[in-house]
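Everything on this sheet refers to the single structure shown next.
The values are calculated or read from the model by the stated rules, or taken from the named source; none is laboratory data. None of these values were measured; they are calculated from a predicted model. Quick reminder, even Gly has a Cβ in these numbers, built from the backbone with ideal geometry, and neighbours come from all protein chains shown. Please note that ligands, DNA and RNA were not included when accessible areas were found on the heavy atoms of the full protein model with its side chains. Shrake-Rupley method; radii C 1.70, N 1.55, O 1.52, S 1.80 Å.
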Amino acid sequence: MAASAKQLKKYRRYRDVMTDVLKRGAAVYKNKDGSEQLVIKSPYTINYVHSYASDTRFFLGLAQNRLYGSECKGCNYVFATPRSHCMFCGEPTEWKRLSTKGKVHSWTTCEFGGEEFLKETPYNLALVEFEGADSLFMARLKECTVRDIYVGMPVEARFAKKPEYLVRDIWVVPSGKKPVKRTARKAVKAKRR
Amino acid sequence: MVSGGLTKFAKAHPEMDFRYMVKNAYDYAMKDVPSLEKKDIDGSRISYFSDHFTRQLKAASMVQDYLGLNPKGSMRIEWGGATGGEAFQAGFEAVASGRMNVCLVAGFETMSRVQTWKGNEFIALASDTNFDYPIGGFYSGYYALMVTRHIYEYMRKSRFAHVKDEREAQRLAIKEASRILSMVSVKNHLNAMHNPYAQYPKKLTVDDVLRAEMISYPLTREMICTMSDGAAVCVLASEEEAFRLTDNPVLIKGVGCGTDTMRLADRPFGEVPLLKHESREDYEGLDYPGVHSFRAGRAASLEAYERAGIEDPAKELDFIELHDAYASSEVQTYEDMGLCKYGEGYNFVESGAPFLKGMDYGFPTRNAGQIPINPSGGLIACGHPVGATGLMQAVFALWQLQGTVKKHFGDSTLQLEGAKRGAIHSHAGTGSSVTVSILEGVN
Ligand SMILES: [Zn+2]
């Protein structure tokens with residue numbers, strides 16, 4: 001807490017308290033009945049070590065431009081979002097390379113989001129039916145806008161050139177779309193706003 | 001259930017931390033039944049959703065401590081958005097099993113501690129953090145994905161079946177469904193004008209809702225509940241204890257609970273588990289649940305109806321307080337709970353059935369009063385302090401069935417004439433778990 005008690009500002013609106021606390025470290029909320037509450041800033045950051053465990057091959061696959069799902073040898077169900085045991089019969093599954101072509105099962109355009117992704121809005125999310133898979137896969141749907149998208153729209157997967165080893169190393173674009181140059185993509189974004 | 005208490009749900013309660021909020025609600029509940037004393041309480045079940053919001057692990061212990069209930073037994077209950085409903089059923093089980101004669105169930109959430117976008121991020125961590133969160137997944141986005149498919153299945157394929165151009169048909173279907181979802185938002189906000197505990201009572205028009213800021217297409221800000229601070233408390237007792245304490249208890253007639261996959265992408269495509277008034281032919285060619293319906297809500301309803309002996313819920317229930325975190329999930333829930341068949345949710349809204357009689361919503365509501373849904377204003381208008389929400393519904397249902405709405409609200413507008421039986425419905429992220437509890441008046 002940087003500010004000393006003498007410098008604390010007092011506010012009647014909680015929103016103003018919050019703004020000042022985040023800026024200066026502390027502030028005082030003045031209640032209707034005259035009572036005062038001290039509000040302080042409380043930062044919190046963590047670096048986790050994280051294992052993808054038995055889903056690892058999926059994430060390594062993305063770095064090689066490959067989409068892996070998993071197939072149950074007990075009931076032949078193909079999971080587009082991999083899992084190492086089948087949720088129906090409990091048998092272990094085997095890795096199966098999936099087609100990167102599919103269709104939009106459902107979609108939305110997010111104009112708002114969690115803090116981490118606010119700067120990327122607006123962005124589209126889609127649940128994708130990849131050919132040959134029985135379950136869906138959730139991904140970003142890029143290079144199109146709210147006006148272009150519809151249920152059933154053919155899409156195909158794209159892979160990150162520099163993998164982050166996160167699920168966002170894969171996304172989908174409308175089928176047959178030529179790779180958009182960086183400048184052109186910016187222009188599309190500007191037009192949308 | 002013998003008593004209940006609430007704090008007003010608000011954007012922020014900087015004058016009360018979570019312990020004070022629960023204490024306020026607890027004192028109210030204790031005062032409402034003068035013969036009830038602390039020594040009568042055998043133990044507690046305490047619920048809150050997120051340790052990220054409290055930044056205090058084991059906060060439930062601090063509530064137990066602050067209420068002075070030590071050394072009695074307690075457990076913390078957490079199950080996402082359905083935390084309150086689960087806690088209610090945990091309290092029910094503690095009493096029904098004979099372990100306790102009187103159980104205190106208390107829930108709270110303090111979501112004001114971070115800004116809305118950070119709150120969205122915290123809540124999004126209740127989706128799969130390997131597969132769903134890193135692409136920018138957050139809850140309004142997930143519910144939008146679900147309603148887009150719901151609109152495709154049930155609006156595109158019915159009212160716009162005649163439109164040949166696929167994109168045009170889908171545009172028209174989304175527009176029409178958005179108008180109907182807005183009617184739900186208007187209803188809940190207007191009902192809340194008569195509920196002093198509600199966070200956002202207001203009179204809106206359909207156009208106001210449609211023109212509000214777009215959050216995740218096609219859901220606008222007014223179709224989505226907000227983050228809140230608040231607490232709620234229920235006192236549950238065995239039959240003998242209940243009648244010793246009060247002459248106006250409410251019977252918990254049946255409870256049900258269901259679950260589904262955490263990831264939307266994993267939802268299977270199978271058959272509808274049928275309620276008594278439905279038949280297999282009703283759903284020929286329908287892949288269920290996919291992402292258009294909440295299978296957990298159907299499973300919870302089936303169990304609760306079975307235990308309460310309900311065959312046709314729309315006829316046998318007098319009202320429902322259900323989990324309308326989104327106007328869309330309210331409509332989807334009508335179908336899961338069997339108030340109408342799957343696919344009839346939009347018609348059900350337009351029929352007026354879920355509206356209150358005698359209120360002017362600004363559009364016709366022909367069958368108003370048939371089965372009022374969220375007479376309190378629901379989550380959309382009351383707020384959604386997660387751990388308290390399901391218990392808030394129980395408190396509203398208690399007062400409704402006791403006929404004490406006027407006493408607690410200072411306004412009798414929302415008191416339903418002759419309400420004998422109601423349901424409460426609590427729901428966690430994208431329908432990954434749902435509880436339904438049936439309550440009955442005994443007088
Ligand atoms: Zn299997």
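Probe of 1.4 angstrom, ligands and nucleic acids ignored: what's the accessible area per residue over the range A:54-176, in square angstrom?
Numbers: 5110 Å² over 123 residues.
Using a 1.4 Å probe on heavy atoms only, each residue of the range A:54-176 averages 42 Å².
How many square angstrom of accessible surface are buried between A and B, both sides summed, with a 1.4 Å probe and rounding to 100? Intermediate results must be reported in sequence, preceding the final value.
Working: alone 13420 and 17360 Å², together 26220 Å².
Its buried surface, counting both partners, is about 4600 Å².
Report Rg/Rh for the range A:103-142, rounded to two decimals, where Rg is the Cα radius of gyration and Rh the Kirkwood radius. Mind showing how you got there, number by number?
Values: Rg = 11.7 Å, Rh = 10.9 Å.
Looking at the range A:103-142, the ratio lands at 1.07.
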May I ask for the Rg/Rh ratio of the protein assembly as shown, computed from Cα atoms with Rh as the Kirkwood radius, given to two decimals?
0.97
Going Cα to Cα from A:Lys177, which lysines come in below 17 Å? Please leave out same-chain ones fewer than 8 positions away.
A:Lys101, A:Lys103, A:Lys142, A:Lys186, A:Lys189
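Restricting things to Cα coordinates, could you compute the convex hull volume per residue of chain A in Å³? Write down the numbers at each step before the final one.
Numbers: hull volume 40.3 nm³, N = 193.
Spelled out: Cα convex hull of chain A, divided by residues, is 209 Å³.
For the range B:395-439, what mean projected area does the convex hull of the alpha carbons give, in nm²?
Working: hull surface 14.7 nm².
In nm², the orientation-averaged hull projection of the range B:395-439 is 3.7.
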A drop of at least 50 square angstrom in accessible area, chain alone versus all protein chains together, probe 1.4 Å. Which residues of the range B:116-146 meet that?
B:Trp117, B:Asn130, B:Phe131, B:Pro134, B:Ile135, B:Gly136, B:Phe138, B:Leu145
Search the structure for amide H atoms under 5 Å from the amide H of A:Tyr68, placed 1.01 Å from N in the peptide plane, and list their residues when 5 or more places away or on another chain.
A:Leu98
Accessible surface of the protein assembly as shown [probe 1.4 Å, protein heavy atoms]: carbon and sulfur percent:
50
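With r as the distance between the Cβ atoms of B:Val442 and A:Tyr48 and R0 = 60 Å, compute the FRET efficiency 1/(1 + (r/R0)^6) and round to 0.05.
Values: r = 52 Å, r/R0 = 0.87.
Efficiency, from the Cβ-Cβ distance: 0.70.
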Projecting the Cα atoms of B:Ala397, B:Ala242, B:Tyr334 onto the charge dipole of chain B, where Lys and Arg contribute +1 and Asp and Glu -1 at Cβ, the residue farthest towards the positive end is B:Ala397
Post the alpha-carbon centroid distance, the range A:44-95 to the range B:409-436, in whole angstrom.
40
Approximate shape of the range A:98-186 as ellipsoid semi-axes (Cα gyration tensor, √5λ), whole Å, largest first:
19, 15, 15
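From the protein chains alone at 1.4 Å, what is the descending order of accessible area for B:Asp132, B:Asp27, largest first? Kindly include the intermediate steps, with their values, before the conclusion.
Working: B:Asp132 5, B:Asp27 60 Å².
Largest accessible area first, the residues go B:Asp27, B:Asp132.
Heavy-atom accessible area per residue, the range B:21-101, 1.4 Å probe: how many Å²? List each step's numbers first, then the result.
Working: 3610 Å² over 81 residues.
Heavy-atom accessible area per residue stands at 45 Å².
Working with all protein chains in place, sort A:Trp171, B:Trp117 by solvent-accessible area computed with a 1.4 Å probe, largest first.
On the way: A:Trp171 45, B:Trp117 85 Å².
In descending accessible area the options line up as B:Trp117, A:Trp171.
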What is the P(r) of the range B:3-117, as percent of Cα-Cα pairs per 10 Å bin from 0?
14, 47, 32, 7, 1
Low-density loop positions, GluC sites (Glu not before Pro), the range B:295-375 - DSSP coil, at most 15 other Cβ in 10 Å
B:Glu311
Once each part is reduced to its C-alpha centroid, what is the distance from the range A:100-144 to the range B:256-321 in angstrom?
27
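I need the fraction of alpha carbon pairs in the range B:268-308 separated by more than 17 Å, rounded to a whole percent.
Values: 256 of 820 pairs.
When all Cα pairs of the range B:268-308 are counted, 31 percent exceed 17 Å.
With viscosity set to 0.692 mPa s and temperature to 37 °C, compute the Stokes-Einstein D of chain B, Rh being the Kirkwood radius across alpha carbon pairs; µm²/s, no decimals.
Values: Rh = 21.6 Å.
This corresponds to a translational diffusion coefficient of 152 µm²/s.
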Multiplying the sequence separation of B:Met62 and B:Glu93 by 0.36 nm and subtracting their Cα-Cα distance, what value in nm do you get?
8.8 nm
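When the solvent-accessible surface of protein heavy atoms is calculated with a 1.4 angstrom probe, in what order do A:Arg147, B:Arg179, B:Arg298 fall, highest first?
Working: A:Arg147 170, B:Arg179 75, B:Arg298 0 Å².
Ranked from most to least accessible, the order is A:Arg147, B:Arg179, B:Arg298.
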Go through the range B:241-313 and name the chymotrypsin sites (Phe, Trp or Tyr not before Pro) that are in a DSSP coil and have 11 or fewer other Cβ atoms within 10 Å of their Cβ.
none
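Evaluate the charge dipole of the range B:244-293 about its Cα centre and quote only its size in Debye, nearest 20, assuming +1 on the Cβ of each Lys and Arg and -1 on the Cβ of each Asp and Glu.
Value, rounded to 20: 400 debye.
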Binning at 10 Å from 0, report for the range B:247-339 what percent of all alpha-carbon pair distances ends up in each bin.
15, 47, 31, 6, 2, 0
Within the range B:146-198: Cβ-based charge dipole about Cα centre, in debye rounded to nearest 20 (Lys, Arg +1; Asp, Glu -1):
60
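Report the FRET efficiency, 1/(1 + (r/R0)^6), for A:Glu91 and B:Thr259, where r is their Cβ-Cβ distance and R0 is 22 Å, rounded to 0.05.
Details: r = 21 Å, r/R0 = 0.96.
Efficiency computed from Cβ-Cβ geometry: 0.55.
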Taking only the alpha-carbon positions of the range B:142-261 and ignoring solvent, what does the Debye formula give for the base-10 log of I(q)/I(0) at q = 0.12, 0.13, 0.14, 0.22 Å⁻¹?
-0.69, -0.76, -0.82, -1.20
What helices does chain B hold that run 30 Å or longer along their axis, going by alpha-carbon atoms, with a Kyte-Doolittle average of -0.5 or more, using DSSP H for the helix calls?
B:166-191
For a 27 Å ceiling on Cα separation, which of these pairs sit above it: A:Lys73/B:Lys157; A:Lys119/A:Lys178; B:Lys31/B:Lys406; A:Lys10/B:Lys202; B:Lys11/B:Lys202; B:Lys58/B:Lys407?
A:Lys73/B:Lys157; A:Lys10/B:Lys202; B:Lys58/B:Lys407
In debye to the nearest 20, the charge dipole size for the protein assembly as shown, taken about the Cα centre with +1 at each Lys and Arg Cβ and -1 at each Asp and Glu Cβ, equals 3260
Less than 18 Å apart at the alpha-carbon level, and either on another chain or at least 8 residues along: which aspartates and glutamates does that give for B:Lys8?
A:Asp33, B:Asp17, B:Asp27, B:Asp32, B:Glu109, B:Asp229, B:Glu321, B:Asp411
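Express the C-alpha Rg of the range A:3-98 as a ratio against the empirical globular expectation 2.2 N^0.38 Å, rounded to two decimals.
Expressed relative to 2.2 N^0.38 Å, the Cα Rg reads 2.12.
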Overall dimensions of the range B:140-180 as given by Cα atoms, namely Rg and Dmax in Å
9.9, 31
